[in-house]
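Notes to accompany the following structure.
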Amino acid sequence: MKDTPPTSKHSRWTKRIISLGVIYLLCALSVGIISGLGVFTFGYGKGASYLSNNPQSCANCHVMQDYLDTWQKSSHHNVATCNDCHLSHHPVGKWVTKADNGFFHSLAFTLDNYHKPIEIKDRNREVTQDACIHCHAETSHPMLSIRNETETLHCARCHSDVGHSLRR
């Protein structure tokens, strides 16, 4: 008969506890690393400034400097900030749009993976259209199509230099 060490319930539980400990340790390390990178990136990218209504924060990223400059030359400079035109006026929609844009803008700019010059995405074009209608309801509502939203032209199609003056 072979001499094989008896396997006891005690040794099986010990092995299971050790393997669970390793899994928990790896999970904790992963969460810690991801959280640490997120906090570092938020701090390095001046993330807290994006929670404000200050247009200067939009130019924290050098890619946006030209857009800040053209806004300062525009007819809306004294009456609207970036948030007024580029975020929803609905309280929840505002933060959803801000989070969505913040994530995808930082990802695109960090990876240098964006169209040059920057082009507005369809979902953001809708937010901007809604902002135009929100502020100019008295003059815009009579021009909106009653039958079908697809027949309505976007305000920026004719008024492209209102929010950002014509580029150099």
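Derivation of every value follows stated rules applied to the coordinates shown; laboratory data play no part. Everything numeric here is computed off the predicted structure, so don't read it as measured data. Note that we place each Cβ from the backbone using ideal geometry, even for glycine, and neighbour counts take in every protein chain shown.
Things worth noting here:
- Scanning the chain for DSSP H helices at least 18 Å long along the axis (C-alpha atoms) with a Kyte-Doolittle mean no lower than -0.5 picks out 9-44, 91-111.
- One decimal place: the segment His115-Leu68 gains 15.1 nm when fully extended, by the rule 0.36 nm per residue minus the C-alpha distance.
- Derived from the Cα gyration tensor, the three semi-axes of the equivalent ellipsoid of the chain are 53, 20, 14 Å, largest first.
- Only one residue of Gly38, Thr97, Thr139 has its Cα farthest out toward the positive end of the dipole of the chain, where Lys and Arg carry +1 and Asp and Glu -1 on Cβ, and that residue is Gly38.
- Dipole size of the stretch 54-158 about its Cα centre, with +1 on Lys/Arg Cβ and -1 on Asp/Glu Cβ: approximately 60 debye, rounded to the nearest 20.
- Ellipticity at 222 nm from helices only: DSSP H runs of n ≥ 4 in the chain, each -39500 (n - 2.57), divided by the residue count, give -17500 deg cm²/dmol.
- For the pair Cys61 and Ser106, the difference between a 0.36 nm per residue extended length and the Cα-Cα distance amounts to 15.3 nm.
- Only Cα pairs under 8 Å and 6+ residues apart enter the sum, and on that basis the relative contact order of the stretch 54-158 stands at 24 percent.
- A dipole drawn for the chain from +1 and -1 charges on Cβ atoms has a positive end, and of Val127, His115, Thr81 the residue lying farthest that way is His115.
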